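Only the coordinates and a few stated rules stand behind these numbers; no lab work does. Because the structure is a prediction, the values reported are computed rather than measured. For neighbour counting, all protein chains shown are included, and Cβ atoms are generated from backbone atoms with ideal geometry for every residue, glycine included.
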Amino acid sequence: MKDLEGKACPVIANHIKIALVGQPNVGKSMLINSVSNAHLHVGNFSGVTVDKTEVLFDYSDYHFTVVDLPGTYAFTDYTIEERVTHEYLCAASYDLIINVVDSTNLAKNLQLTAELMSMSKNIVIALNMSDEADKEGINIDAEYMSELIGIPCIKVSAVTKEGIEELLEAVVQVKEAETQESKLIFSEPVEEEIAQIMWYLDKHKHKAVNSYRNIAINLLKNNKKTYARLHDEPIWIELQPILIDALKHIELHHDSDDIKEAFAEEFASFNRGIVAEVVTEENAQIEKKTLTEKIDNVLIHPILGIPIFLFFMWSLFQLTFEIGSIPMEWIDAFFGWFGDTVGATIPNDDVRSLIVDGIIAGVGAVVLFVPNIIILFIGIALLESTGYMSRVAFLLDGFFHKFGLHGQSFIPLVTGFGCSIPAYMSARILKNDRDRLLTLFIIGFMSCGARLPVYVLFIGAFFSPEMAGNMLFAIYISGAMLGLVAAKILKLTAFKGEDEPFVMEMPKYRLPSAKLIWHTVLTKTMMYLKKAGTFIAAASMLVWFLSNYPHNLILEEEYGSKIEKSMSEKEQTRFANQLAEALLEQSYLGRIGKFSEPIFAPLGFDWKMSVALQTGLAAKEVVVSTLGVLYALGDNVDEDSNSLINAISKNISFASAVAFIVVIMIYLPCLAASIVFTREAGHVKYFFYLLAFTSVAAYGLAFIAYNIALRFS
Amino acid sequence: MKTLKDCRKACKVKVVKLNADTDLKQRLISFGIMKESIIEVLEHTPAKSTIEVKVGKMRIALRAQEAGLIEVEEI
């Protein structure tokens with residue numbers, strides 16, 4: 001970056017640790033991304049970042065560590081993610097705070113700033129979204145503002161990357177400077193009381209790290225830590241009556257018995273003063289309807305709102321199939337060709353089979369579905385980044401409420417369509433533990449991206465292309481519906497209790513940049529591919545091994561002589577198929593499958609499907625790769641069934657396929673997700689509840705579905 | 001005693017008092033819903049179970065139940 005001249009010692013690099021704080025959805029993660037070229041997940045709703053993330057980068061002579069903290073409206077510990085931020089700010093060691101604020105709504109954002117100012121830490125304020133403010137005709141006098149509140153305020157834009165260098169310069173300067181007393185000014189009664197306490201502390205020459213003013217403010221704000229510290233001092237006896245009088249005075253002035261409310265009002269009036277001084281709005285004419293309001297008139301229309309949402313979802317699944325199926329054929333053909341080509345170069349039978357039938361068939365079966373996955377991810381990215389997500393939460397809250405869920409549960413549930421792991425994490429935006437647990441239990445019903453391949457495979461095998469998109473939509477919707485019913489059952493039994501308040505910010509609509517969508521989708525797709533190349537490849541090798549060993553020489557000889565004796569080529573092929581099938585059945589995997597077959601027999605599963613379900617516990621993609629390996633080894637020697645879809649439609653009955661899809665929809669999420677679930681739920685016992693709950697539900701519903709499907713077919 | 005719950009679409013009111021418990025009150029205040037602030041009702045769902053209001057420049061969704069805790073007066 002820029003060269004800094006006149007640096008005293010350019011050789012020694014300094015560390016600066018920054019805590020990035022701000023209200024939700026002001027673009028904190030986006031700002032880090034544009035400062036450091038990191039790719040943190042960003043979106044346009046409250047609660048994208050739910051845990052702290054550290055990003056490291058260098059600028060001029062400094063090593064920067066930026067800790068991206070979850071957004072918080074105020075220091076209230078309202079939700080888990082807010083608690084993360086509050087605890088970090090109070091307890092962790094860092095050099096300074098960058099307070100990111102939304103320039104287009106300064107009054108609201110300064111509410112948190114005021115609280116930060118009473119902490120006596122070094123702060124730099126980043127007036128983010130300055131480009132948007134310009135467009136809306138909002139002008140902030142940053143210099144005057146810096147002067148008024150005694151904190152450097154820098155106009156930046158995470159989108160256009162304006163002001164980023166100035167921000168970093170300011171950070172370096174503040175780091176070098178002494179901590180300054182904030183210029184937070186309260187109303188007269190409060191200032192009087194602060195002066196009174198300060199005078200008292202001064203009289204007794206009280207020794208403290210923080211300034212007297214800071215101690216006084218914290219005492220009046222009922223800060224527990226300050227109380228604890230002073231409580232052990234002898235001066236406490238005299239201080240206590242002074243404090244009681246002071247609090248009474250303030251409460252009287254604010255006509256409230258809640259000191260927190262009183263201080264919030266103090267902050268608000270301070271902020272109003274600042275905003276009145278530094279913000280000028282150009283078109284403060286007669287209230288014109290903003291674009292967001294115009295869009296909202298349609299999208300959250302009382303009658304049209306929900307149909308429009310359903311239409312969007314339906315279109316997404318149609319597109320997933322329509323566009324996704326075009327490159328699928330090429331990918332399928334490529335892996336076929338690739339397998340043959342590679343196979344031709346390997347003389348050893350076992351090694352060739354491992355590479356071609358194990359790894360290439362397994363990984364190929366998973367990579368086949370990358371186009372579908374990409375389209376689904378684009379859909380979710382759009383939903384997250386435009387601001388529509390919060391609207392749907394608004395629309396569905398009443399409906400969700402009937403099933404005992406919270407409107408905001410919608411956000412983790414939608415995330416669950418992509419992957420359950422971030423979905424479990426994002427359930428932290430729910431305040432109440434019961435609501436959060438309930439949502440955690442339901443997330444699995446939202447079919448994740450890894451299950452998409454299984455659906456696409458089976459739908460492709462049993463339905464015409466015209467119907468495929470509709471079927472996929474039906475699967476997802478019925479999964480969600482089942483989730484709601486399950487929520488109701490759990491709410492009535494396990495998670496009884498009071499309803500959680502629903503208060504949620506509705507962000508402005510934003511047109512996401514193509515770059516942003518590209519990065520989000522690319523990151524997720526690369527993760528999927530990486531998993532295919534590593535975890536899935538290893539699992540495919542394991543499945544291949546288990547299905548090839550032990551060798552059975554007796555069988556091989558028996559069939560070998562049969563094949564030799566047979567006259568026609570047709571008969572030879574038949575015997576070869578029988579041999580492969582018989583070998584597979586007596587392999588380790590075959591034995592496991594045969595062993596568990598009776599359990600799954602009432603659902604109409606053969607042993608291969610039973611095995612695929614079991615390997616699917618590791619990861620849902622493995623279901624497809626296992627089927628890929630098992631059918632590649634099995635009886636697909638005839639020339640017309642070289643693709644997995646054909647193998648499935650030939651070997652599996654319609655009713656069994658329906659039951660299989662139902663099990664996939666409901667049963668336990670993958671290993672990684674189960675671990676995250678257990679961590680987020682807070683206790684191992686919840687994992688066993690989830691295991692029992694999903695297994696019983698999956699088995700029961702699959703049994704019903706199987707029997708209904710039998711009637712129809 | 002009139003509350004925000006009783007307000008129709010497009011009406012503008014002033015907050016008189018918050019009857020919520022401490023946690024919820026804090027959250028409302030941090031959203032700018034406090035004494036003296038002006039609230040405009042923008043939209044509500046068909047069953048009026050959830051409403052969307054505007055406070056300052058911020059749009060907030062809240063349930064009728066919570067709206068019932070916010071005492072308001074006409075302006």
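Convex hull volume per residue, computed on the Cα atoms of chain A, equals 212 Å³. Dividing the mean sequence gap of close Cα pairs (under 8 Å, 6+ apart) by how many residues the range A:14-176 holds gives a relative contact order of 24 percent. Taking a straight Cα-Cα cut-off under 13 Å and skipping sequence neighbours fewer than 8 places away in the same chain, the aspartates and glutamates within cross-link reach of A:K570 are A:D638, A:E639. Note on A:D58 and A:E176: with the Förster distance fixed at 25 Å, the Cβ-Cβ geometry gives a FRET efficiency of about 0.90. Modelled label positions at A:S713 and A:K685, each set 7 Å beyond Cα in the direction of Cβ, lie 4.2 nm from each other.
Each stretch of four or more DSSP H residues adds -39500 (n - 2.57); spread over every residue of chain A, this sum gives -20000 deg cm²/dmol at 222 nm. Most fluctuating residue of B:A61, B:A20, B:A47 in a GNM of chain B with Cα springs under 10 Å: which is it? Residue with maximal mean-square fluctuation among B:A61, B:A20, B:A47: B:A47.
Amide H contacts for B:T50 (H built 1.01 Å from N in the peptide plane; partners 5 or more residues away or on another chain; cut-off under 5 Å): B:T45, B:A64. Remark: mean inter-chain Cβ contacts per residue of A:501-512 equal 5, using a 10 Å Cβ-Cβ cutoff to other protein chain atoms.
Can you classify the range A:459-585 as rounded, prolate or oblate using the Cα gyration tensor, where a ≥ b ≥ c are the square roots of its eigenvalues, rounded means a/c under 1.5, and otherwise it's prolate if a/b beats b/c and oblate if not? Prolate, because a/c is 1.5 or more and a/b exceeds b/c. Net charge dipole, chain A: roughly 1740 debye, given to the nearest 20, about the Cα centre with Cβ charges of +1 for Lys and Arg and -1 for Asp and Glu.
Farthest towards the positive end of the charge dipole of the range A:188-281, among the residues A:A216, A:P234, A:A264, is the Cα of A:P234, using unit charges on the Cβ of Lys, Arg, Asp and Glu. Taking every C-alpha pair closer than 8 Å and separated by at least 6 residues, the mean separation divided by the residue count of the range B:4-74 gives a relative contact order of 41 percent. Summing Lys and Arg as +1 and Asp and Glu as -1 over all other residues whose Cβ lies under 14 Å from the Cβ of A:N552 gives a net charge of -4. In loop segments of chain B as defined by DSSP, the GluC sites (Glu not before Pro) with at most 12 further C-beta atoms inside 10 Å of their C-beta are B:E36. Between the Cα long axis of helix A:106-117 and the first principal axis of chain A there is an angle of about 80°, rounded to the nearest 10.
Segment A:E556..A:F338, full-extension length gain: 75.6 nm, with 0.36 nm per residue of separation and the alpha-carbon distance subtracted. Averaging the sequence gap over all C-alpha pairs within less than 8 Å and six or more residues apart, then dividing by the number of residues, gives chain A a relative contact order of 11 percent.
Each Lys and Arg Cβ is given +1 and each Asp and Glu Cβ -1; about its Cα centre, the range A:114-262 then shows a dipole of about 780 debye. Provide the FRET efficiency to the nearest 0.05 for the A:H206-A:H249 pair, computing r from the beta carbons and using R0 = 25 Å. Efficiency, from the Cβ-Cβ distance: 0.70.
Residues in the range A:480-521 near a label at A:E281, defined as backbone nitrogen under 16 Å from the 7 Å Cα→Cβ point? What the label zone holds, given the 16 Å backbone N cut-off, is A:508. When the P(r) of the range A:405-458 is calculated, the portion above 13 Å amounts to 52% of the C-alpha pairs.
For the residue pairs A:K108/A:K488; A:K524/B:K57; A:K121/A:K161; A:K28/A:K491; A:K121/A:K530; A:K508/B:K2, the C-alpha atoms sit more than 32 angstrom apart in A:K108/A:K488; A:K524/B:K57; A:K28/A:K491; A:K121/A:K530. For A:A361, neighbours were defined as the other residues whose beta-carbon sits under 13 Å from its Cβ, and their charges (Lys and Arg +1, Asp and Glu -1) total -2.
Between the helical axis of A:588-600 and the longest alpha-carbon principal axis of chain A there is an angle of about 80 degrees. Between A:E147 and A:L319, the distance separating the two model label sites (each 7 Å from Cα on the Cα→Cβ line) works out to 5.1 nm.
Summing +1 for each Lys or Arg and -1 for each Asp or Glu among the other residues whose beta-carbon sits under 12 angstrom from that of B:E43 gives +2.
The distance between label points at A:S93 and A:K225 comes to 1.4 nm (points 7 Å beyond Cα on the Cα→Cβ vector).
Shown is the FRET efficiency for A:T290 and A:S513, computed with R0 = 22 Å from the Cβ-Cβ distance and rounded to the nearest 0.05: 0.60. Residues A:K28, A:K52 in ascending order of nearby Cβ atoms (within 10 Å, fewest first): A:K52, A:K28. Available extension along the chain between A:E166 and A:D350 is 59.9 nm, counting 0.36 nm per residue and deducting the alpha carbon span. Per-residue ellipticity at 222 nm from helix content only, as computed over chain B with -39500 (n - 2.57) for each DSSP H run of at least four residues, stands at -4000 deg cm²/dmol. Ordered by the count of other Cβ atoms within 10 Å of each Cβ, fewest first, A:M467, A:M541, A:M609, B:M34 give A:M467, A:M541, B:M34, A:M609.
For the protein assembly as shown, build the charge dipole from Cβ charges (+1 Lys, Arg; -1 Asp, Glu) around the Cα centre, then report which of B:L62, A:F502, A:I666 sits farthest towards its positive end. The one lying farthest along the dipole's positive direction is A:I666. Give a quick list of trypsin sites (Lys or Arg not before Pro) in the range A:243-320 that DSSP marks as loop, anything other than H, G, I, E or B, with at most 12 other Cβ atoms within 10 Å. Filter output for the range A:243-320: A:K288, A:K289.
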